[in-house]
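The block underneath contains the structure these notes are about, expressed in structure tokens.
The values are calculated or read from the model by the stated rules, or taken from the named source; none is laboratory data. Just so it is clear, the model here is predicted, and its values are computed rather than measured. Note: ideal-geometry Cβ built from the backbone for every residue, glycine included; neighbour counts use all protein chains shown.
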Amino acid sequence: MLWNKARRSDNVNDTREGKDARTLTGKKLGAGLAAAALTGVALYSSYNTAPQTPASEVSISQEIAPVDDPQLKFIESILGDTEDTWKQVFASTGQHYPAPTLTLFSDGIASGCGFASASSGPFYCPANQNIYMDPAFFEQMAERFSVVGDFAQAYILAHEVGHHVQIALGMSAPFESALSARQPVTGDSGLEVRAELQADCLAGVWAHHAQQRHAWLEPGDIDEALNAASVLGDDALQRARNQTVRPETFSHGTSQQRSAWFSAGFDSGRVEACDTFNAAQL
């Protein structure tokens, strides 16, 4: 993947450099917001873990990132390209794209949706329109599940941006409504699975448009993304943990579903192809 072709985003808040991890896009996040997020706001992640502790109850470990950080440049480039893609897509229907902030952390952070660690995996917090990620997560995925390659990492990041997009466009309204009403959302074909598969599809839509602009994909890149989607399927993760596969507990969809919906977005390049909530079969 020739990711250096992309514009680097200015919307990356790297708290590894010693910045106040509660200061995001110029706003302070109080403990009340974090607590409210934990009880009433969905957490969207590529992985099936989530922040666990309110922001006011944790301490934050910070490290100094290298001045010349290739991984940071990569993340800024992928985020920048998602911004450019979705700005164009939104503008095509007369809408404004409100770009999210990506907050990088090391070890742990008090996020707008509670405490997160590297093991939480990247996630989107709608309470403050922030994506949170410890870049060490990519190393964990490589070591534990053989998820390797820059386009696999780009897919994971684009999936989280997809959650931001689906909320901005009102595409995940059925899921949001069910959460507000405290209705069940988990399980195979449940609303949470549909929301996650929609984010996979939107990641594919981004990849389609990015490839059209840059012609930056190299042999094997799409396979990297499809492998990541497959490895992160609920059934695959349960088997990896030596657990019985229990569809009633699914939150993200099966390996086949995640790969198929990413492909649906990539092949079509159309947001309309990502209507998982009205799909008769996932």
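Scan segment 73-98 for residues that are of a type in the set (Asp, Glu) and in contact with a strand residue (DSSP E or B) (Cβ under 9 Å, 6 or more places away or on another chain) and jot them down.
Listed by number, the list holds a single entry, GLU76.
In segment 211-259, which residue that is acidic (Asp, Glu) and either in contact (Cβ under 8 Å) with a residue 40 or more places away in the chain or in contact with a Leu (Cβ under 7 Å, 6 or more places away or on another chain) (or both) is surrounded by the most Cβ atoms within 10 Å (Cβ to Cβ)?
For segment 211-259, the residue satisfying everything is ASP234.
Of the residues GLU57, GLU76, GLU63, which single one is over 22 Å from GLN198 (Cβ atoms), of a type outside the set (Gly, Ala, Ser) and at pLDDT 95 or above?
GLU76
Quick check on my filter: what residues within segment 142-185 are closer than 17 Å to TYR132 by Cα and either among the hydroxyl-bearing types (Ser, Thr, Tyr) or more than 15 Å from the chain's Cα centre (by Cα) (or both)?
TYR155
Take the residues in segment 268-282 that are in a helix (DSSP H, G or I) and more than 20 Å from the chain's Cα centre (by Cα); name whichever of them is surrounded by the most Cβ atoms within 10 Å (Cβ to Cβ).
So the residue we want is SER268.
So which pairs qualify, if the first residue must be in segment 95-118 and over 19 Å from GLN71 (Cβ atoms), the second must be surrounded by fewer than 21 Cβ atoms within 10 Å (Cβ to Cβ) and of a type in the set (Asp, Glu), the Cβ gap must be under 6 Å, and the two must be at least 6 apart or on different chains?
Pairs found: ALA99/GLU83.
When you go through (1) closer than 23 Å to HIS208 by Cα; (2) free of Cβ contacts under 8 Å to residues at least 12 places away in the same chain; (3) surrounded by 15 or more Cβ atoms within 10 Å (Cβ to Cβ) one by one for SER263, which number turns out not to apply?
(2)
It is to be established whether one or more residues within segment 270-280 are β-branched (Val, Ile, Thr) and more than 20 Å from PHE137 (Cα to Cα).
Scanning segment 270-280 turns up at least one residue that is β-branched (Val, Ile, Thr) and more than 20 Å from PHE137 (Cα to Cα).
Show me the helices (runs of 4 or more DSSP H) found entirely inside segment 153-260 where at least 1 residues are within 15 Å of ILE78 (Cβ to Cβ) and among the β-branched types (Val, Ile, Thr).
191-214
Would you mention how many residues in segment 106-121 are more than 22 Å from VAL147 (Cα to Cα) and assigned to a loop (DSSP other than H, G, I, E, B)?
Count: 2.
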